[in-house]
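Structure, as C-alpha cells:
The values are calculated or read from the model by the stated rules, or taken from the named source; none is laboratory data. Computed from a prediction, not measured in an experiment: that's the story for all the values here. A quick note on method: Cβ atoms are made from the backbone with ideal geometry, for glycine too, and the neighbour counts reach across all protein chains shown.
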Amino acid sequence: MRSPANPVIERYPLDDIAEYIRTKRAEFGAIVVDAGGSARIFHEAVTEANLLLVPVAPTKIERRKLVTAHVVTVKADDRTSLSSRA
C-alpha cells in the first residue's frame, strides 16, 4: 500500500470510475475523487465511498448548500447483529 506521504495523482477516464476504485482499493490507502460537479461521476464515486467530504467555502451562499443527511437501514433482520452493527 502506498504511503500518504507519496500521493499519486491521476487524471482517469471517468467512464467507469466505480470500477477503477474497486480495482485500486487494495493498492492505495485512500482514493480521492473530485467529481467536478458531474452528477454521474458523483453517483459512481459515492457507490464505492467509505467517506464523503463536501467542501464548502465559508460564505453565506455556500453554507446554504449544507444539508443534514440521515441513513435509514431497511430490510434489517433483528435476529442477526447486522442491524445493531449498522
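So here's what we get for this one:
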| read-out | value |
| --- | --- |
| Qualifying residue in region 47-58 (condition: surrounded by 12 or more Cβ atoms within 10 Å (Cβ to Cβ), of a type outside the set (Gly, Ala, Ser) and modelled with pLDDT of 85 or more) | yes |
| Subset tally (residues that are of a type in the set (A, V, I, L, M, F, W, C) and touching a residue at least 24 places away in the same chain (Cβ under 8 Å)) for region 18-48 | 7 |
| Scope region 22-57; condition part of a helix (DSSP H, G or I) and not polar (S, T, N, Q); matching residues | ARG22, LYS24, ALA39, ARG40, ILE41, PHE42, HIS43, GLU44, ALA45, VAL46, GLU48 |
| Within region 28-58, tally of residues that are over 16 Å from ARG11 (Cβ atoms) and in contact with a Lys or Arg (Cβ under 7 Å, 6 or more places away or on another chain) | 3 |
| Count of region 17-66 residues which are among the basic types (Lys, Arg) and touching a helix residue (DSSP H, G or I) at 6+ places or on another chain (Cβ under 9 Å) | 3 |
| Breaking point among (1) among the aliphatic types (A, V, I, L, M); (2) under 17 Å from the mean Cα position of the chain (by Cα); (3) at pLDDT 80 or above, for VAL8 | (2) |
